[in-house]
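*Asks:* Can you keep this structure in mind? I'll have questions shortly.
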Amino acid sequence: MPDFALERAAGGIVAGIDEAGRGPWAGPVVAAAVILDPATLPAALAGGIDDSKALSPARRRDLYRGLLDRAEIGVGAASVREIEEDNILGATLTAMARALAALPRPPSAALVDGNRAPDFPCRVETVVGGDSRSLSIAAASIVAKVVRDEIMARLSARYPEFAWERNAGYGTAEHRRALERHGPTPHHRQSFAPIRALLGDGTV
C-alpha cells in the first residue's frame with residue numbers, strides 16, 4: 001500500500017504527479033498534481049487511497065470527493081491535437097506541467113509516476129510504480145482518472161455510439177465495432193495504429 005515515505009525523504013512541500021489516458025484510442029490525456037498534508041489527512045481517507053486501477057469507479061469517486069476537501073490539487077490536460085503533434089509521451093509531459101502549474105502553491109519537489117521526468121521548476125524524482133508506493137502519486141492517479149472519465153462521459157453524450165461513458169475511449173470490442181460502422185470522430189487519435197488501420201484500409 002502507498003505511504004508517505006517518499007514524501008518524507010523528499011522534504012518540503014511535495015506534489016505527487018500522475019496521468020490518465022495514455023492508452024485510449026480517443027480523448028485527451030489528463031494529469032493531476034496533488035499535495036497532501038500528513039498532519040491533516042484523515043486516517044480513513046489515507047487508508048483508502050491506492051492506485052486508481054485497483055479501485056472500483058464508485059470508490060474512486062468517493063475518494064476524489066474526499067481529496068477535493070483535504071488536498072491541494074492541480075489538473076492539466078493535453079488535447080488530441082497535441083497528442084498527434086507531439087506524440088503521447090510529449091503530450092503527457094505537457095499535461096503534467098500544466099497540472100503542476102495549476103496547483104495553488106508551488107511545491108519544492110515533485111514525485112512523478114514513471115521513468116520520464118518532466119521539465120519542472122522544482123526538484124523532480126521519478127518513481128516507477130509510484131501509484132502503489134506514494135500516497136501523493138496514488139491520490140493524483142485517482143484525480144486524473146476521475147476527471148478524465150468525466151470528460152469522456154460528456155463527450156459520449158455527443159457521440160453515444162462509441163459508449164465512451166463505459167470504455168473511456170479505450171479499445172474495447174464495443175468501441176472497435178463502432179469505429180467500423182461510423183468511422184473516427186475528431187476526438188480519435190489518428191496517429192494510433194488501430195485508427196490508422198481504419199483510415200488506411202477500412203478495417204480496425
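Read the figures in this text as sums done on the coordinates, not as results from a lab. What you see is a predicted model, and the numbers here were worked out from it, not measured in a lab. We place every Cβ from the backbone using ideal geometry, glycine too, and count neighbours over all the protein chains shown.
*Asks:* Only one of Arg166, Arg189 is crowded, with 17+ Cβ neighbours inside 10 Å and not polar (S, T, N, Q). Can you tell me which? Let's see the steps before the verdict.
*Replies:* Values: Arg166 fails: crowded, with 17+ Cβ neighbours inside 10 Å.
Only one candidate passes the filter, namely Arg189.
*Asks:* If you don't mind, another one. Would you be able to say whether some residue in the range 113-130 is among the basic types (Lys, Arg), in contact with a helix residue (DSSP H, G or I) (Cβ under 8 Å, 6 or more places away or on another chain) and assigned to a loop (DSSP other than H, G, I, E, B)? Even if it seems obvious, please write down each step before you answer.
*Replies:* The initial filter retains those residues of the range 113-130 that are among the basic types (Lys, Arg), namely 116, 123.
Then keep just the ones that are in contact with a helix residue (DSSP H, G or I) (Cβ under 8 Å, 6 or more places away or on another chain); that gives 116, 123.
Now narrow it down to the ones that are assigned to a loop (DSSP other than H, G, I, E, B): 116.
Checked against the condition, which is being among the basic types (Lys, Arg), in contact with a helix residue (DSSP H, G or I) (Cβ under 8 Å, 6 or more places away or on another chain) and assigned to a loop (DSSP other than H, G, I, E, B), the range 113-130 yields at least one hit.
*Asks:* Considering only the range 168-178, how many residues are part of a helix (DSSP H, G or I) and touching a residue at least 60 places away in the same chain (Cβ under 8 Å)?
*Replies:* Residues of the range 168-178 part of a helix (DSSP H, G or I): 173-178.
Next cut, touching a residue at least 60 places away in the same chain (Cβ under 8 Å) only: 175.
The number of residues fulfilling the criteria is 1.
*Asks:* State which residue is nearest to Gly90 (Cα to Cα) when the search covers only the range 155-194 and only residues that are within 23 Å of the chain's Cα centre (by Cα) and among the basic types (Lys, Arg).
*Replies:* Arg189
*Asks:* Look at Ala109 and say whether it is within 24 Å of Gly11 (Cα to Cα), in contact with a strand residue (DSSP E or B) (Cβ under 7 Å, 6 or more places away or on another chain), buried (at least 19 other Cβ atoms within 10 Å of the Cβ) and among the aliphatic types (A, V, I, L, M).
*Replies:* Working: within 24 Å of Gly11 (Cα to Cα): yes; in contact with a strand residue (DSSP E or B) (Cβ under 7 Å, 6 or more places away or on another chain): yes; buried (at least 19 other Cβ atoms within 10 Å of the Cβ): no; among the aliphatic types (A, V, I, L, M): yes.
When the stated conditions are applied, Ala109 does not pass them.
*Asks:* Take Glu125 and tell me if it is over 17 Å from Val80 (Cα atoms) and surrounded by fewer than 24 Cβ atoms within 10 Å (Cβ to Cβ).
*Replies:* Values: over 17 Å from Val80 (Cα atoms): yes; surrounded by fewer than 24 Cβ atoms within 10 Å (Cβ to Cβ): yes.
Here the answer is yes, as Glu125 does meet what is asked.
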